[in-house]
Each structure stands twice: as structure tokens, then as C-alpha cells.
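Beneath this line is the structure, given in C-alpha cells, with notes to follow.
The values are calculated or read from the model by the stated rules, or taken from the named source; none is laboratory data. Quick caveat: nothing in here was measured; it's all calculated off a predicted structure. Positions of Cβ are backbone-derived with ideal geometry, glycine not excepted, and every protein chain shown enters the neighbour counts.
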Amino acid sequence: MGFTDFDPPAPAAERGSPPTSPKPARVRRDDFYDTPIVDGKPVPNTPLTRLRDRLRALFLTAGEREEAHLEASLRRLPGVSRTNIVATLSPKGGCGKTTSTFLTGNVLASHLRLRALAVDLNPDFGTLADLAPDRGRAPLSLVDLLRDKEGISSPGELRPYVSRLPSGLHLLAAPPDPAVMAQMTPELYGELLAFLRRFYEVILLDLGTGVTAPIATFAVDHADQVVVVTTPEWITNTKVQMALGHLRLEHATLVLNKVEGTAAQHATERQFSHDRIAQRVAVPADLQLKTMLDSGTFSLPGLGRATRVAIKRLGLAVGTQLA
Ligand SMILES: Nc1ncnc2c1ncn2[C@@H]1O[C@H](COP(=O)(O)OP(=O)(O)OP(=O)(O)O)[C@@H](O)[C@H]1O
Ligand SMILES: [Mg+2]
């Protein structure tokens with residue numbers, strides 16, 4: 001029989017309703033791979049391997065167990081449904097606002113895979129962008145971005161304005177000249193934020209010292225959550241507690257930074273126990289962290305476990321309050 005012998009199909013009008021072909025049975029991926037695959041290799045799940053895993057878990061230290069638990073919790077967090085603004089502030093200078101912004105942003109970028117940007121809103125000589133390695137530092141500032149924004153329509157065009165860190169976090173610097181920053185009004189910050197919302201899922205605002213200056217009020221009004229930073233000294237705690245009276249605290253994290261020993265930490269925790277701050281995280285005073293920050297070589301895995309765990313707790317505290 002040649003190709004020409006078969007009957008041509010009837011015209012559509014004669015055929016009536018279109019033919020329905022039987023649906024192929026859907027093969028699920030789990031039916032195909034009946035053992036879990038890790039790094040491209042099947043992981044056996046036998047009584048012997050289960051016993052081995054249980055014995056291994058038994059010999060984990062409490063620290064290792066907590067870190068594994070934190071890692072799992074961080075990776076289980078859902079993504080965001082809109083851009084979230086996180087404002088970091090404190091009535092005290094030098095307590096770790098910039099550090100907390102930076103550390104939180106790194107964890108949100110590396111563990112939650114969020115497009116995260118930290119913005120330096122210090123009125124003068126902000127240090128946030130200096131935490132980027134020198135070779136990855138963008139030359140331009142938020143004032144330049146505000147001026148040029150009409151010509152920017154894709155993320156790649158932000159490259160001259162934002163520094164990129166190995167974690168995936170981006171940093172946007174304040175201008176080097178405080179007189180230029182002084183010309184920024186809340187309206188202009190509003191324009192900048194509206195523009196940045198198009199590119200980022202989380203925007204972290206690193207504020208200067210104080211909670212009632214116009215820029216701080218602007219940031220808190222626009223923030224979905226705040227991070228309030230304190231250190232374990234009586235004077236700082238007293239000022240921070242007074243500042244809390246000026247803030248909405250439905251979604252807030254208290255960072256107790258530069259903790260040495262546990263006595264001061266416990267005293268601070270007692271002092272803040274009656275405040276409505278749901279999340280409290282203590283970060284140890286850590287010389288290695290300080291050196292990493294100062295040399296532009298921050299690496300979370302390179303830190304000791306106590307500080308690493310504290311930073312992951314901070315990421316989780318903020319991460320669980322994202323919307
Ligand atoms: N947990 C920590 N362990 C060791 N050093 C720290 C820690 N947190 C912050 N530092 C160091 O303390 C100094 C001040 O920190 P940071 O710049 O974050 O404070 P800040 O509140 O933003 O200051 P400013 O009021 O000047 O903006 C920096 O040198 C920083 O590296
Ligand atoms: Mg700072």
C-alpha cells in the first residue's frame with residue numbers, strides 16, 4: 001500500500017466535535033525516582049542507613065543541632081508576595097545598626113534567595129557601602145540613582161549604582177558629600193523607594209542615630225517591620241526603651257548586639273521582657289566579625305558557630321515577619 005491509498009480526513013464540518021485522544025497516564029517524578037537523589041546520586045534508605053543516620057544525629061553537639069534546625073527553618077520560609085521594607089534604627093550611635101542591616105540582608109539574600117537591597121540612609125558619612133569588597137564597589141550613590149532613574153528600566157542597568165556581595169545582597173550608598181545628602185527630602189526618598197520596589201523583594205534601610213528625625217519617621221512610616229538595635233549597657237538600654245515608645249512594634253526585632261558574657265545579656269532581656277517586641281536576638285561581640293566587616297571580606301560560613309548561629313537567628317527573626 002502506497003502513501004496515497006489512505007482516505008483523506010473528512011472536512012471539519014462532517015467530523016462534528018473534535019476527536020478526543022485518551023490522556024496519557026502522568027508519570028510522577030517520585031514514581032520514577034523511588035529513592036531520594038542528593039548530588040545526582042541515589043541515597044539508600046535501608047534499616048542500616050537509617051540506624052547510621054540516627055547514631056550520627058545522636059553525636060551532634062547542641063550547637064550543630066541548633067544550626068541545622070535554623071538552616072532548615074530558614075530554607076522553609078515562604079517567599080514574599082510584595083516588596084517588604086525593613087528599617088533598622090536605634091537612638092544610640094555605634095551600637096550596630098549598619099552591621100545588623102548588613103547581616104540581615106546577607107541571610108535574606110543567601111538563604112531565602114530574595115532579591116535584597118540595603119540602602120544607606122545616614123545623613124553623613126554612612127559606612128554601609130564600605131562593607132562591600134573594594135573590587136565590587138559601585139561608584140555611584142542613591143542621589144545619582146534618583147537623578148538617572150527615568151533612563152533605567154532593567155536590573156542590569158543598576159550596576160553602576162549598587163554594590164553586589166557574594167551572598168547576593170546589593171548595597172546602595174549614600175553620597176560622599178553630606179551637603180548633597182542634606183538636600184534629600186522625605187518626598188525624594190519616597191520617589192527613590194517607589195522606583196526601587198520595582199527591582200527588589202526586600203529593601204533594608206540603614207538609618208542614622210535617632211528615631212524622631214524626619215528621615216527616621218519617614219522610614220518607620222514606610223516600613224513593614226523595624227529592627228531596633230541595642231547593646232548590653234544600662235544607659236543604652238534605657239534610651240532604647242524610651243525610643244520604643246515612639247515606634248509601632250507589631251512587626252519588630254530587638255537586636256542585642258556586642259554581647260560579652262551572659263550576665264549583661266540576661267539583664268537586658270529582663271529589661272525588654274515587657275515590651276511588645278516578639279523577636280529578640282543576641283549577637284556576640286566578635287573580633288573576627290569586626291575584622292571581616294572592616295576588611296570587606298564578610299563570609300558567614302567563615303565565622304565561628306556562636307556568631308553564625310546568632311546571625312542566622314537574626315535572619316530568621318526578620319524572615320518570619322516578611323509578608
Ligand atoms: N557583634 C559585633 N562584634 C564586634 N564588632 C561589632 C559588632 N557589631 C558591630 N561591630 C563593630 O562596631 C562598630 C560600629 O558598628 P556599626 O557601624 O554597625 O554601628 P552603627 O550603629 O551603624 O554606627 P553609627 O551610629 O555610626 O551609624 C563597627 O566597627 C562594627 O564593625
Ligand atoms: Mg551606621
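Overview of values
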| read-out | value |
| --- | --- |
| Evaluation of G208 against (1) surrounded by fewer than 18 Cβ atoms within 10 Å (Cβ to Cβ); (2) within 13 Å of ligand 1 (Cβ to nearest atom) (one fails), failing number | (1) |
| Scan of the stretch 269-297 for residues that are exposed (fewer than 14 other Cβ atoms within 10 Å of the Cβ) and either assigned to a loop (DSSP other than H, G, I, E, B) or within 16 Å of ligand 2 (Cβ to nearest atom) (or both), ordered by number | S273, H274, R276, K290, D294, S295, T297 |
| Condition met for V227 (out of contact with any Lys or Arg (no Cβ under 9 Å at 6 or more places or on another chain), among the aliphatic types (A, V, I, L, M) and within 16 Å of ligand 1 (Cβ to nearest atom)) | no |
| Answer from L300, L254 - the residue that is closer than 21 Å to E67 by Cα and without any contact (Cβ under 8 Å) to a residue 40 or more places away in the chain | L254 |
| Qualifying residue in the stretch 111-131 (condition: under 23 Å from the mean Cα position of the chain (by Cα), more than 16 Å from ligand 2 (Cβ to nearest atom) and assigned to a strand (DSSP E or B)) | yes |
| Out of T88, T4, T20, T49, sole residue that is modelled with pLDDT under 80, β-branched (V, I, T) and not in a loop (DSSP other than H, G, I, E, B) | T4 |
| Members of the stretch 54-98 that are away from ligand 1 (no atom under 16 Å from the Cβ), β-branched (V, I, T) and in contact (Cβ under 8 Å) with a residue 60 or more places away in the chain | V80, T83, I85 |
| Every residue from the stretch 178-232 that is of a type in the set (A, V, I, L, M, F, W, C), out of contact with any Pro (no Cβ under 6 Å at 6 or more places or on another chain) and within 30 Å of H266 (Cβ to Cβ) | L204, L207, A216, V220, A223, V226, V227, V228, V229 |
| Count of residues meeting criterion [surrounded by fewer than 16 Cβ atoms within 10 Å (Cβ to Cβ) and within 16 Å of ligand 1 (Cβ to nearest atom)] in the stretch 99-158 | 3 |
| Of all residues making up the stretch 298-323, the number that are more than 16 Å from ligand 2 (Cβ to nearest atom), outside any helix (DSSP H, G or I) and touching a helix residue (DSSP H, G or I) at 6+ places or on another chain (Cβ under 9 Å) | 5 |
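Here's the yes/no breakdown for (1) under 19 Å from D134 (Cβ atoms); (2) at pLDDT 95 or above; (3) of a type in the set (K, R); (4) assigned to a helix (DSSP H, G or I):
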position	(1), (2), (3), (4)
S153	no, yes, no, no
G156	no, yes, no, yes
P160	yes, yes, no, no
P175	yes, yes, no, no
V180	no, no, no, yes
M184	no, no, no, no
L192	no, yes, no, yes
Y200	no, yes, no, no
I203	no, yes, no, no
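For (1) of a type outside the set (D, E); (2) more than 30 Å from P78 (Cβ to Cβ), each residue gets a yes or a no:
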| position | (1), (2) |
| --- | --- |
| L188 | yes, yes |
| A194 | yes, no |
| L205 | yes, no |
| A213 | yes, yes |
| D221 | no, no |
| T231 | yes, yes |
| T236 | yes, yes |
| A243 | yes, yes |
